[in-house]
1. Restricting to segment A:20-63, give me the number of residues that are in contact with a helix residue (DSSP H, G or I) (Cβ under 8 Å, 6 or more places away or on another chain) and hydrophobic (A, V, I, L, M, F, W, C).
2. Any idea which of (1) more than 23 Å from A:G95 (Cα to Cα); (2) surrounded by fewer than 17 Cβ atoms within 10 Å (Cβ to Cβ) is the one A:G290 doesn't satisfy?
3. Restricting attention to segment B:332-367, which residues are more than 14 Å from chain A (Cβ to nearest Cβ) and of a type in the set (S, T, Y)?
4. Please work out if A:P373 is within 14 Å of chain B (Cβ to nearest Cβ) and modelled with pLDDT under 85.
5. Considering segment B:445-483 alone, what residues qualify as being surrounded by fewer than 17 Cβ atoms within 10 Å (Cβ to Cβ) and away from chain A (no Cβ under 14 Å)?
6. Please pick out the residue among B:A146, B:A178, B:A140 that is within 23 Å of B:L56 (Cα to Cα), buried (at least 18 other Cβ atoms within 10 Å of the Cβ), modelled with pLDDT of 75 or more and hydrophobic (A, V, I, L, M, F, W, C).
7. For segment A:196-233, give me the residue count where each residue is in a helix (DSSP H, G or I), within 21 Å of A:Q106 (Cα to Cα) and among the hydroxyl-bearing types (S, T, Y).
8. Which one of the conditions (1) within 14 Å of chain B (Cβ to nearest Cβ); (2) within 22 Å of B:I496 (Cβ to Cβ); (3) assigned to a helix (DSSP H, G or I) does A:F193 fail to meet, given that it meets all the rest?
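The values are calculated or read from the model by the stated rules, or taken from the named source; none is laboratory data. Quick caveat: nothing in here was measured; it's all calculated off a predicted structure. Here the Cβ positions follow ideal geometry from the backbone for every residue, glycine too, while neighbour counts run over all protein chains shown.
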Amino acid sequence: MTTRNSERTPFTIRFFSAMTRTQWFALGAFLAAALIAVPVLNLAVPEGSAFHLSAYAITLVGKIMCYAMVAVAMDLIWGYGGILSLGHGLFFALGGYAFGMYLMRQIGRDGSYQSDLPDFMVFLDWKSLPWYWSGSDNFLWVSLLVVAVPAIVAFVFGYFAFRSRIKGVYFSIITQALTYAAMLLFFRNETGFGGNNGFTDFKRVFGYSVTAPETRLVLFGLTALALAGTLVLARWLITSKFGRVLTAIRDAESRVMFIGYNPLWYKLTIWVISAVLCGIAGALYVPQVGIINPSEMSPGNSIEIAIWVAVGGRGTLVGPVIGAFVVNLAKSWFTVSFPEYWLFFLGLLFIVVTLLLPKGLVGLWQTLRARKPEQGAR
Amino acid sequence: MTKTIFVFLLLAGSLSARAALDPAQVNQLAAEDSSDKVAAIQLLTQSADPDAVRVLKAMADDSLFLAGDKAVIIDGDKAFDAASGAAIAMPDNPESVTVNNRIRGELANALATLKLFDPDAGVRLASAQKLQSSVSPAMAPLLARALEKESDAKIKALLVLAHAQADLASKDPIARRAAVLVLGETTSPAIRTLLLPLTDKANEPNNRVRYAAISAVKAIDGRLSATENFGRVFTGLSLGSILLLAALGLAITYGVMGVINMAHGELLMVGAYSAYGMQSIFRAWLPEYVDWYLPAAIPLSFFAAAAVGALMERTVIRWLYGRTLETLLATWGLSLILIQAARVLFGAQNVEVANPSWMSGGIELLPNLILPWNRIIIIGFALFVLFLVWVLMNRTRLGMFVRAVTQNRAMAGCVGVPTARIDTLAFALGAGIAGLGGVALSQISNVGPDMGQGYIVDSFMVVVVGGVGQLAGAVWAALGLGIFSKLLEGWAGAVIAKIAILVCIIIFIQKRPQGIFALKGRFVD
């Protein structure tokens with residue numbers, strides 16, 4: 001009878017019970033800060049004040065929130081699925097490029113060549129848009145592309161990779177090769193995505209100026225909502241039966257198979273979801289940062305995503321967010337103050353985290369907290 | 001056969017050389033009008049008289065003057081009659097002959113052509129070779145005369161080609177056809193372009209000549225594509241041997257420890273920078289032996305890379321056993337540190353590592369196919385390293401231990417193999433081989449901090465395709481991937497080739513997840 005009851009639990013209740021009350025509260029506080037406090041501090045507080053939030057800070061935090069979404073997506077596949085992808089930068093960039101096409105079309109005739117075509121196409125002496133650009137001025141179609149292109153690429157690649165049970169380092173290296181090959185492809189001018197320079201010099205989004213503070217705040221708020229949505233979705237996924245099977249596959253794939261599950265579809269589902277989340281993050285990233293180019297697909301970028309997750313703590317959902325913020329804030333501080341040492345720091349971070357902090361910062365905090373009451377009881 | 005007949009025809013039709021310079025022609029050199037001068041130069045050239053060289057040279061040196069109506073050469077305080085060369089009294093007020101750029105070019109051509117009649121065979125050969133790319137139809141009679149006089153077989157062959165090229169514009173269809181037939185025997189893209197217009201009816205009204213030209217172009221095309229493919233296979237082999245050097249080390253470390261060393265490419269870089277360091281040492285202290293820095297760099301780079309590898313294993317990789325994905329990340333961190341260290345030590349720019357003089361040049365098999373020495377030597381070097389590794393793995397105690405740990409670590413430990421020490425040694429060995437690969441790489445590509453990055457994916461692909469723990473697998477996979485990718489690059493471009501190979505590898509893994517050569521045995525994860 002009890003199993004019946006749990007089956008009958010309405011979806012909404014299951015959904016809301018995926019997170020504890022404190023977690024919902026924290027999420028609400030985060031959204032309140034992003035949607036109310038930040039705009040007030042940016043627009044209403046005068047520029048000289050100590051509480052004023054600069055446009056630079058908003059862009060930086062907005063950018064890092066996109067990264068945090070990618071990190072959560074990466075955590076779903078790595079922390080819960082045990083599959084280390086070194087090619088997530090590809091999905092991020094695909095989403096970015098898809099939305100970038102829309103932004104390029106929004107420039108209209110305001111480009112340097114005053115043409116209906118994007119500047120780089122005029123430069124290449126192209127007379128019309130290539131077929132895959134058709135409909136790129138339609139926001140709905142582009143939004144579909146943002147989701148569908150990473151999903152299709154991930155599905156096709158994942159189907160073949162998981163079907164032949166490629167896993168572990170083999171899978172990691174092949175994903176790295178995948179993003180590397182895609183980077184080479186996008187570097188070519190003939191591919192039709194601006195070659196080396198990618199897309200930049202955006203003017204408008206939904207008809208509003210990209211540089212206007214209001215537009216920035218709206219984008220910032222959307223990113224915060226998307227990040228919150230990602231966290232809720234991820235939480236719900238991993239507490240569901242699906243997530244439990246996934247974790248079981250991570251820990252003992254053969255046993256799960258012997259029980260009668262086919263790991264292929266579980267892995268493939270989480271892989272595609274992860275890719276789609278990356279694509280959405282990429283689409284939000286491009287209008288805020290104002291540029292997308294093939295270097296987003298470089299293998300180094302994708303590996304960096306893994307280190308955000310590792311620093312924060314794998315297998316926790318708040319960990320990747322913390323990791324993305326810590327590493328990227330450190331990066332923007334280092335590259336300004338000590339550009340020479342950033343790579344040393346990053347390299348050391350890779351080594352120290354893997355050697356000494358296998359569970360990341362969240363794991364460290366949990367261990368410390370678990371130890372204290374013990375000592376107190378003693 | 002056709003060649004000899006053709007030469008015979010030329011001999012029969014050629015004119016005999018004149019004895020002395022015609023004073024009228026020489027005087028025309030000093031004419032007012034440039035076109036007259038050019039005509040005079042051409043006439044003098046066609047006389048093929050060695051004496052003409054003297055006059056034309058003087059003209060090119062601006063020492064030809066006009067005194068009255070006679071051309072004279074003035075050299076310092078002496079004057080000579082231009083036509084006869086006899087010394088004469090200094091004329092009163094000689095007018096200098098204007099030599100403009102057009103004339104100067106004409107003179108250079110004429111002097112070059114007249115070199116065909118130089119008594120020195122070396123000069124004639126050089127001149128004939130130069131003519132291959134710059135022959136004009138007007139030279140045909142002159143070339144015929146040179147052919148007739150020439151005794152050296154090699155020069156003669158070159159002259160036949162040059163003459164045929166000049167004859168392509170001949171008015172006589174028989175001569176044209178003969179020229180086409182001669183040129184059809186060659187394998188040169190330049191001659192193909194020369195023949196191509198003749199395959200068009202608009203340019204070549206004579207059917208027999210046109211058909212001959214069409215079949216000649218076809219024959220040249222066939223030979224060209226054959227040599228091109230051969231050249232691609234060769235560059236593929238040399239790429240494959242670099243991949244082999246990179247992948248051998250990776251195969252050993254991956255085989256023994258199941259660890260992907262993402263810093264492997266940076267070990268290549270360490271080897272290449274060692275070569276650079278050795279070159280600097282030789283330049284500073286042993287400049288007379290600088291060509292021999294390379295042999296000295298080989299042991300240095302091996303030990304430098306091996307030391308870095310052993311250090312990496314002892315400090316980082318050792319502590320991550322059984323956590324392969326984390327090892328991947330940690331070694332990536334190591335690679336970032338090595339790259340930045342190279343930037344700090346040697347600067348972010350590429351450094352210059354010169355080929356020793358004995359490695360430059362190449363074997364010219366055909367006009368469009370040159371096998372460079374540095375690539376040949378690299379292939380040989382890779383084979384040599386492969387042989388050493390084979391000996392080490394199959395004929396020494398260390399090799400036996402390494403193979404034992406690869407096959408079954410626990411069992412090897414039980415029978416007394418010091419597995420921890422074997423790990424370090426195997427890692428150092430793999431790193432050292434990568435260092436050797438770096439030396440080889442320094443000879444054919446840029447040496448810079450980022451040079452290793454591009455090779456890790458490729459060399460891992462070799463390991464994936466070849467299978468783990470097998471030298472034979474790595475060898476076949478490396479050579480196969482090298483040749484396959486160069487052949488693909490030939491007709492699809494580098495990027496498409498890379499993507500196609502990646503797709504092929506993914507499909508290949510579907511069929512044979514263990515690689516070409518799988519270790520036999522029972523494994524469970």
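1. 14
2. Of everything listed in (1) more than 23 Å from A:G95 (Cα to Cα); (2) surrounded by fewer than 17 Cβ atoms within 10 Å (Cβ to Cβ), A:G290 misses just condition (1).
3. Within segment B:332-367, B:S357, B:S360 meet the criteria.
4. No: the conditions fail for A:P373.
5. First pass over segment B:445-483, keeping only residues surrounded by fewer than 17 Cβ atoms within 10 Å (Cβ to Cβ): B:445-446, B:450, B:454, B:472.
Within segment B:445-483, B:S445, B:N446, B:A472 meet the criteria.
6. Values: B:A178 fails: within 23 Å of B:L56 (Cα to Cα); B:A140 fails: modelled with pLDDT of 75 or more.
The unique qualifying residue is B:A146.
7. Looking only at that region, the number is 2.
8. Every listed condition holds for A:F193 apart from (3).
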